[in-house]
1. Looking at (1) touching a residue at least 24 places away in the same chain (Cβ under 8 Å); (2) over 17 Å from the mean Cα position of the chain (by Cα), can you tell me which one B:VAL33 breaks?
2. What about A:ALA43, is it more than 13 Å from A:GLY126 (Cα to Cα), in a loop (DSSP other than H, G, I, E, B) and touching a Leu at 6+ places or on another chain (Cβ under 9 Å)?
3. Consider the range A:62-93. How many of its residues are closer than 22 Å to B:HIS52 by Cα, polar (S, T, N, Q) and in contact (Cβ under 8 Å) with a residue 60 or more places away in the chain?
4. With a cut-off of at least 1 residues that are facing chain A (nearest Cβ under 9 Å), name the helices (runs of 4 or more DSSP H) lying wholly within the range B:1-117.
5. For the range A:62-74, what are the residues that are buried (at least 20 other Cβ atoms within 10 Å of the Cβ) and facing chain B (nearest Cβ under 7 Å)?
6. Between A:LEU11, A:LEU5, which is closer than 30 Å to A:ILE129 by Cβ, in contact (Cβ under 8 Å) with a residue 12 or more places away in the chain, over 18 Å from the mean Cα position of the chain (by Cα) and more than 9 Å from chain B (Cβ to nearest Cβ)?
7. Would you confirm, using the coordinates I've provided, whether A:GLU46 is at the interface with another protein chain (Cβ under 9 Å from one of its Cβ atoms), among the acidic types (Asp, Glu) and touching a helix residue (DSSP H, G or I) at 6+ places or on another chain (Cβ under 7 Å)?
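Please treat every number below as a calculation from the coordinates, not as lab data. All figures in this text were calculated on a predicted structure; none of them were measured in a lab. Counting neighbours? That spans all protein chains shown, and the Cβs are built from the backbone with ideal geometry, glycine included.
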Amino acid sequence: MTVILSPGEPLPDVVMVPTALQLFRYSAVTWNAHRIHYDREWAAHEGHEGLVVHSHLHAANALRVLTQGLGSEWRICKVAYRIIRSAVVGDTLTAQAELIERSDDGRTLTFTLREVNQDGAACLEGSAIVEARH
Amino acid sequence: MEDTTNATDSLARFYDDMRSRVGQRHRRHLGVVSRVMILRYAIAIGETNPIHFDEGAAKAAGFAGLVAPPNLLAGIAEWNGGLAESELTPDGTVRMDGTADLRVMGAGEDMELLQSVIAGADIYDDELIESVDLKQGRSGPIVFVTTLHEFSGADGSVLNRNRRTILARV
């Protein structure tokens, strides 16, 4: 349960390069028929540069920084995020989490969340609170 | 999207319709979170933690069964069969009549994850449209709709309490 992190320090980044196959499978498992995610012509018709990454897939990518960086001994309790910029297939989406606060007993951690594209522009910004499970 | 006059009318219709629904609460039975749903969701998002793939690993980690990734409940767009293709709008979404030419996207979410979601959980959703706001964006008007979803189990205990915001624009 010990986290060797001090406020200001990050967890390891998680990098996702979404593919058409990934977006199709995410659409399928969530039964999301919105064509911007799997129909390139329709996405272009709506002014997008490619197949659009689902907002919840952005969030899942950001949350993987916590679940993979902290492990199962910690539970995500609260998350707040905003989609700042859409992303498309082929973008390189780097999710980052930085510890900003640790409770006195060390059992509650607060992180900033951020996901940036290959140009360093933010796609998602937010925060999360995690607690020790035991 | 070329006919912006019609689309602007659609946005006004969408705004008025959603405003009329503010404060209305709907309870829906969504169904059971299955093992396969968890496996597929975890694979689709690139998860590797065995608590999402291996019931034994999940139990060894102290969970009652296979664990859903944190935003699975939030991410499922349709829990049941959904509408026939002929009833969907041309962009593939479910929308009120007369607003098919709008562009709609997720804008963000606030989630309280009160309990882990375990395979076999039977889920109910209490939905409440909390606010509808019209704002001026860089490329024109945008309508923001914020909806509270309280996902609870069959015993009534709340698993997730999520506030989701979507945006609609011309």
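1. (2)
2. The answer is no for A:ALA43.
3. 1
4. By residue number, B:35-45, B:55-60, B:72-75.
5. A:LEU63, A:ARG64, A:THR67
6. The unique qualifying residue is A:LEU5.
7. yes
Yes/no per residue for (1) within 7 Å of chain B (Cβ to nearest Cβ); (2) outside any strand (DSSP E or B); (3) under 30 Å from B:ALA84 (Cα atoms):
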position: A:GLY50; (1), (2), (3): no, yes, yes
position: A:ALA60; (1), (2), (3): yes, yes, yes
position: A:LYS78; (1), (2), (3): yes, no, no
position: A:GLN96; (1), (2), (3): no, no, no
position: A:LEU99; (1), (2), (3): no, no, no
position: A:THR110; (1), (2), (3): no, no, no
position: A:GLU115; (1), (2), (3): no, no, no
position: A:GLN118; (1), (2), (3): no, yes, no
position: A:GLU125; (1), (2), (3): no, no, no
